[in-house]
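Down below is the structure, laid out as structure tokens.
Rule-based calculations on the coordinates, nothing more; no lab input. Keep in mind the model is a prediction, meaning the values are calculated, not measured. Here the Cβ is made from the backbone with ideal geometry for all residues, glycine too, and neighbour counts use every protein chain on show.
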């Protein structure tokens, strides 16, 4: 099943790979349209020029074509071959230039001579091309014709939102960035895993409400935060999803708070799954930078495999369809579902009989002949009773008792069924 | 002296060993009557049917005889030989049964074929016998006559209480369970050490008030808590005493609070005495489960040697007079007295001259010629002065200064005698 | 330059070495007069008999001469040869004594037969001499004439104070004791390093106000505290400076609070400088005992190299000019300046745009072409923005971000220049 799931996830990555995404424009719209097959995404359009916190929604950028021709009319660089060839948000240009004049507009990676870098120029009036260093060094002194046929004009910023209501209004925010073009791990893996998570959530009973965001990086989360400023206090937990397809072990980066329930949940789930890495919050990374800015300080961590910038393929043409592995995608999805399942089941109960232990025997919760050692379920019952004073969640109890969360959850359900516990609102 | 003390303690264990104790009944009464030779115990009788917290005081059980005879009239199992042979609280029965019919009522330990298990059936309408697995396996297909001649009818639950008033009303609770029949370590060792502790306390000046409880396990402490619910806030420290005679190293299990004064005192005393073990609270064990239930959350730890369930002899006939060692009993008593002595002497003082050091020299508390290194007593004086700001007890100071408690206590007494300190109420 | 600085510091130690300092008297006055060449010291005189906290300012002691002559008129011990030969505060005496009568007044070090001990008798009516154990053991049975020609009469206690005002009234207290005679490390090293620190501070821009105290040990700091009791709450940070010339590694002893800014600053600076030692507060040592008495509890640590009492030369004639090393003096001065520089620059800022990140690009604080890895300066900008919520100082941020303080300070200055931060008052 995992093999099938991995293959299905990878097929989605492959299908979305050629679409020319950027901060704004039709590539984002087309991506969201296709994800609509998996879950009901509401597409939001925010006009260029809108003030969002300290920022302004930029003009919309759409690229028709971008290429460099040599004097023999050969298109030596062409964005049709790879969307990485053109610097994102390049302004339109049509000119004939010497190599010396062209050179400042060309970006390559001398250390990785066969890879094309990914570069953007979102908020500067510039244009440029990216190519392999091998090609760059071989360029003869010639006259080149360059063409960036793009529109950069008032339009809108596009993002997708999907709210899946639960029994309570407490929300789980799941956010992934959708602004990167042909890069597989960063972030088609995140986009696809998020969409599948959404589909899975949409089909199950939800105690919590879930909100999935498919936003362009930075400006997208800032726009969403600006438009939802008064409602962010509903966010009880959150995950930024990114870089979930590479072969590295899973990594969880804690929220700014460092000990939020989502932080402890991710650590608890990862501890039961083998090799992994836990990182403290840093203000470098993806949209957790915005969700965890001091004025919001939301309990939002970041789930990934190898952190961005720590795999050499990062932001290059080598972050391709081969770098993204089906089994890694499936493992990431399973990990994310395990974290969300625990978050959803992690309730706080109040023992209704806090003075002394209640008599479990007459309720059939204890073996009738005493004197032998307790089984793990009995211990779970006793731990839940002892710590259900309104200050300990089931996760707290599992950690304190060193018992699996499942055992604690089952014990709590049994005790609640005998009216020995009542659920109380969770602290966050 | 320790050898004599150990022998005396062991003699008491031996004398109490044959008495048929259970949750209720004459065995408990006879045990308390004998302990009355050591300290003035008030015997409390609580009628069957009394509601105590979530529980009900059970009918009283008294056993006259219990045996199994084979078809040749041979008593192959007889509670007269060992009180363990009959399942505690067995209902009366007199019947002739095939082996197949008898078999569900027989309990043995296949892994320990020569030991008789200890089993009870307090709150279920059942009967049974315990025997060695070797004997069980050798039973021929035969017709057996079984007899449990017992009364199980309205009576009362019996417990013993001894209050030793001190200079303050702050109480130290010492609790031990008295419901086990012929088991030496669990819990004749605890009963006898508690009684000797009581005798020692009754003969000395007491700053604190001490209350000793000799109660049947679980229902006894629940009964006491139910009847004293409004007065438990006087309990400043407490110890459950159990399993104090086996050859293992001492173990202290912390209260639910984990950092109560009794927890830190026990750790401090044990640290100065060689091998030992400190355990965090768990809601499995003895009556600390009730004292530390969330609605009471009393600062009560548990002092033992090898924890129950961690020695193979636990709850079997092998927990016998040979398993209980005189030197272990004496060591446990000395350890408990050391803990109580520290608790009793652990006061909080306020330095009356908190700005700058007071001039110790003119009060004769400093050597007249300066320049040499300070002795430990000088350091203790300075530490007590520096930390006696009302927030540090003498134990706090000893721990912070890494000095023996005695040195700190002596320094405080010297400073108080010079009117440089005044005692203030202790936080708990 | 360090070599020159070390030589200059050592020259000062050498010049001050022969002066006969004590708790009071002309030796202290002469020492302060000479230090006046380095910084403007205000000399304070407090009359004998003045009540200061629990103490009384003692009579002033001035020694003219002190010697022992044998029956042949040979001066076998003479304070002119070493100020250590006479017990400090010896009362005047002129007598002819047998060896047996003289013996109780003689102090030596049997374990160090060639060293003269340093002994005082400040608050007792006594007299005595210190000499090498070798000399003491060789003394023949003879009649000796002893002379202590000293005045011990109403006068005053002398100390020096130098206040260097800064932009704020928050003060840094720098305290060193000046009561020791010919002892190089304890404490001419501290006196000279403190005076050079004062000179350095007097020549630079100061955010904080600095107050240097040159006081006799214990009674001097107690006197200053008594006279400034209502103003000590201005002291935001402080260092006692002592034993700064021996060849050992630097040691910092924390304030009583243990986590004061000065404690964390010293630890941060030392961590970047190789071998060193951090000690918790103890109420034994130098004037930090008074500053950290519970009624004041000031954030004052102690900077030294080998702690007093831990080098064998301590309080003996072997703590001489050879034991004090020029390079150690220079290193200590540099260390102290680094600590004070960090304390002075350690401010707290409030991010004016706490919701989301501000757009650094349009302010020129970000490289225009994105996609590459961030340099350390960019990270510092992001850390400062993320943690400048009014609860984190620049030092907090440097520690949390594991960045050099300098990088964080530079980032904060850049952000403040763009009006993205405003300074707020520091918590202490």
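Region B:176-240 and region A:40-60 have Cα centres spaced 71 Å apart.
To the nearest whole number, what is the average tally of beta carbon atoms from other chains within 10 Å of the beta carbons of peptide C:119-130? For this peptide, the per-residue mean of nearby foreign Cβ atoms is 3. Between copies, the label points at residue A:74 (set 7 angstrom from Cα along Cα-to-Cβ) are spaced 10.8, 10.8 nm, reported in nanometres from shortest to longest. Expressed to the nearest 5 percent, the antiparallel share of DSSP beta bridges inside chain B is 65 percent. Remark: relative contact order (region A:27-157) = 35 percent; criterion is Cα-Cα distance under 8 angstrom and separation of 6 or more residues. Under the rule a/c < 1.5 gives rounded, and otherwise a/b versus b/c splits prolate from oblate, where does region B:22-89 land using the Cα gyration tensor? Oblate, since a/c reaches 1.5 and b/c is not below a/b. With respect to chain C, whose longest principal axis is taken over its alpha-carbon atoms, helix C:261-271 is tilted by about 90°. Computed from the C-alpha gyration tensor, the three semi-axes of the ellipsoid equivalent to region C:1-134 are 30, 23, 13 Å, from longest to shortest. For chain B, the longest principal axis of the Cα atoms and the long axis of helix B:326-345 meet at an angle of about 40 degrees. Only helices enter the 222 nm calculation for chain A: every DSSP H run of n ≥ 4 contributes -39,500 (n - 2.57), and dividing by all residues gives -8500 deg cm²/dmol, rounded to 500.
Copy-to-copy label distances for residue A:56, where each label lies 7 Å from Cα along Cα-to-Cβ, are 8.0, 8.0 nm in order of increasing length. Across the identical copies, the 7 Å label point of residue B:125, projected outward along Cα→Cβ, sits 9.5, 9.5 nm from its counterparts, in ascending order. Rounded to the nearest 0.05, the FRET efficiency derived from the C-beta distance between residue B:400 and residue B:278 at R0 = 22 Å is 0.70.
Nearest to the axis that brings chain C onto chain B is this chain C residue, judged by its Cβ, with the distance in whole Å: C:259, 11. Here the contact order of chain B, divided by its residue count and restricted to Cα pairs under 8 Å and six or more residues apart, works out to 17 percent. Defining a contact as two alpha carbons under 8 Å apart and six or more residues distant in sequence, what relative contact order in percent does region B:190-345 show? Value for region B:190-345: 33 percent. Between A:241, A:39, A:23, the residue with the greatest mean-square fluctuation in the GNM of chain A (Cα pairs under 10 Å linked by springs) is A:39. Here the residues C:42, C:57, ranked from fewest to most Cβ neighbours within 10 Å of their Cβ, fall in the order C:42, C:57.
Give the shape of the protein assembly as shown as rounded, prolate or oblate, defined through the alpha-carbon gyration tensor: a ≥ b ≥ c are the square roots of its eigenvalues, a/c under 1.5 means rounded, and otherwise the shape is prolate if a/b is larger than b/c and oblate if not. It is oblate, given that a/c is not under 1.5 and a/b is not larger than b/c. Peptide B:157-165 has a mean shielding of 0, counted as Cβ atoms of other protein chains within 10 Å of each residue's Cβ.
Secondary structure note: in the protein assembly as shown, about 65% of the DSSP beta bridges are antiparallel. In terms of the Cα gyration tensor, with a ≥ b ≥ c the square roots of its eigenvalues, is region B:165-317 rounded because a/c is under 1.5, prolate because a/b exceeds b/c, or oblate? It is rounded, given that a/c, with a ≥ b ≥ c, falls under 1.5. Our note on the geometry: Cα centres of region B:109-142 and region A:292-320, 63 Å apart. Note on chain A: with a GNM built from Cα contacts shorter than 10 Å, the maximum mean-square fluctuation among A:95, A:338, A:236 falls on A:95. The mean number of partner chain beta-carbon atoms within 10 angstrom of a residue's beta-carbon across peptide A:293-300 is 5. Largest mean-square fluctuation among A:335, A:244, A:379, in a Gaussian network model of chain A whose springs join Cα atoms under 10 Å apart, belongs to A:379.
Residue order for B:348, C:193, A:424, fewest other beta carbons within 10 angstrom first, comes to A:424, B:348, C:193. Simple spin-label estimate for residue C:126 and residue B:56 gives 8.1 nm between the two label positions (7 Å along the Cα-to-Cβ direction from each Cα).
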